[in-house]
1. Going by what's in this entry, would A:ARG43 be described as in contact with a Pro (Cβ under 9 Å, 6 or more places away or on another chain) and at the interface with chain B (Cβ under 7 Å from one of its Cβ atoms)?
2. Within the stretch A:44-59, work out how many residues are open to solvent by 90 Å² or more (accessible area, probe 1.4 Å) and in contact with a Ser or Thr (Cβ under 9 Å, 6 or more places away or on another chain).
3. If we keep just the residues of the stretch A:15-32 that are touching a Ser or Thr at 6+ places or on another chain (Cβ under 8 Å) and in a strand (DSSP E or B), which is farthest from the other protein chains (Cβ to nearest Cβ)?
4. Condition (residue is open to solvent by 10 Å² or more (accessible area, probe 1.4 Å), within 25 Å of B:PHE90 (Cβ to Cβ) and within 13 Å of chain B (Cβ to nearest Cβ)) applied to the stretch A:62-79: is it met by at least one residue?
5. Looking at A:LEU11, A:LEU66, can you tell me which residue is among the aliphatic types (A, V, I, L, M), in a strand (DSSP E or B) and farther than 18 Å from B:THR104 by Cα?
6. Of (1) within 14 Å of chain B (Cβ to nearest Cβ); (2) open to solvent by less than 40 Å² (accessible area, probe 1.4 Å), A:VAL110 satisfies all except one. Which?
7. Here is a list: A:GLN38, A:GLN60, A:GLN81. Which entry is more than 20 Å from B:PHE47 (Cα to Cα), in contact with an Asp or Glu (Cβ under 7 Å, 6 or more places away or on another chain) and not basic (Lys, Arg)?
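The values are calculated or read from the model by the stated rules, or taken from the named source; none is laboratory data. Remember, it's a predicted structure, so these values are computed and weren't measured experimentally. In this analysis, Cβ positions are derived from the backbone assuming ideal geometry, glycine residues included, and neighbour counts consider all displayed protein chains. Side chains are part of the model used for accessible areas, which takes the heavy atoms of the whole protein and leaves out ligands, DNA and RNA. Shrake-Rupley method; radii C 1.70, N 1.55, O 1.52, S 1.80 Å.
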Amino acid sequence: GENVEQHPSTLSVQEGDSAVIKCTYSDSASNYFPWYKQELGKRPQLIIDIRSNVGEKKDQRIAVTLNKTAKHFSLHITETQPEDSAVYFCAASRAGGFKTIFGAGTRLFVKA
Amino acid sequence: DTAVSQTPKYLVTQMGNDKSIKCEQNLGHDTMYWYKQDSKKFLKIMFSYNNKELIINETVPNRFSPKSPDKAHLNLHINSLELGDSAVYFCASSQTGSGRYQETQYFGPGTRLLVL
């Protein structure tokens, strides 16, 4: 069945460093890849997404890259800040599928 | 101006009881979902509804019965609650894209269910 693998499960960085989270998807028909941030006790919220017609997208300190051939996509956070500490989920979906498959999540700690 | 809302926020109950969680969205979306998030934070889809019709049922026990009275509401009724049902349940909604891509999902605040 469809699967999204996410690594690492935990990531600890120093404030100001970069953080990279990687995901691999199994369904080759997937064409939409959102990233969600979930702070403690809160709901998951979209921070950035990418569609299969582009290879990279950037929004201030956050960027996402997509390699369709390898079925990999990654989240890059630069100049990390303590408020970036949260659980990050990658996800993959296809048009008309009404189903989004989530990765297992990465717990990011940014140490001040 | 809440986009996706859920009630109740917390639910503590005994094993064997029946309980319901309600979800409403005011975004005008036509697709709604229920997710279960366990203690390890894994987000697992349970159901998705499009225009009040059940589209996805991810091998959820029959004790879980969703109901969508209209496009803006998706409720979840759980019979004979078990200890393993303890989790956070999130409702979400999205708009079916007219193009090739699924659209972004917006999540409700979650319902924290604890079965004793």
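1. Numbers: in contact with a Pro (Cβ under 9 Å, 6 or more places away or on another chain): yes; at the interface with chain B (Cβ under 7 Å from one of its Cβ atoms): yes.
Judged against the criteria, A:ARG43 is a match.
2. Filtering the stretch A:44-59 for residues open to solvent by 90 Å² or more (accessible area, probe 1.4 Å) gives A:45, A:53, A:56, A:58.
With in contact with a Ser or Thr (Cβ under 9 Å, 6 or more places away or on another chain) added as a condition, the list becomes A:56.
Going through the stretch A:44-59 one residue at a time, the tally reaches 1.
3. Within the stretch A:15-32, the first condition is being touching a Ser or Thr at 6+ places or on another chain (Cβ under 8 Å), and the residues that meet it are A:15-23, A:30-32.
Checking the rest, the ones that are also in a strand (DSSP E or B) come to A:19-23, A:32.
On the way: A:ALA19: 17, A:VAL20: 20, A:ILE21: 14, A:LYS22: 18, A:CYS23: 13, A:TYR32: 5 Å.
Of everything passing the filter in the stretch A:15-32, A:VAL20 is farthest from the other protein chains (Cβ to nearest Cβ).
4. no
5. Working: A:LEU66 fails: farther than 18 Å from B:THR104 by Cα.
Exactly one of A:LEU11, A:LEU66 is among the aliphatic types (A, V, I, L, M), in a strand (DSSP E or B) and farther than 18 Å from B:THR104 by Cα, namely A:LEU11.
6. (1)
7. Details: A:GLN38 fails: in contact with an Asp or Glu (Cβ under 7 Å, 6 or more places away or on another chain); A:GLN60 fails: in contact with an Asp or Glu (Cβ under 7 Å, 6 or more places away or on another chain).
Being more than 20 Å from B:PHE47 (Cα to Cα), in contact with an Asp or Glu (Cβ under 7 Å, 6 or more places away or on another chain) and not basic (Lys, Arg) holds for just one of A:GLN38, A:GLN60, A:GLN81, which is A:GLN81.
Here's the yes/no breakdown for (1) of a type in the set (Asp, Glu); (2) part of a loop (DSSP other than H, G, I, E, B); (3) within 13 Å of chain A (Cβ to nearest Cβ):
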{"site": "B:ILE55", "(1), (2), (3)": "no, no, yes"}
{"site": "B:THR59", "(1), (2), (3)": "no, yes, yes"}
{"site": "B:PRO66", "(1), (2), (3)": "no, no, no"}
{"site": "B:PRO69", "(1), (2), (3)": "no, no, no"}
{"site": "B:HIS77", "(1), (2), (3)": "no, no, no"}
{"site": "B:PHE90", "(1), (2), (3)": "no, no, yes"}
{"site": "B:THR96", "(1), (2), (3)": "no, yes, yes"}
{"site": "B:LEU113", "(1), (2), (3)": "no, no, no"}
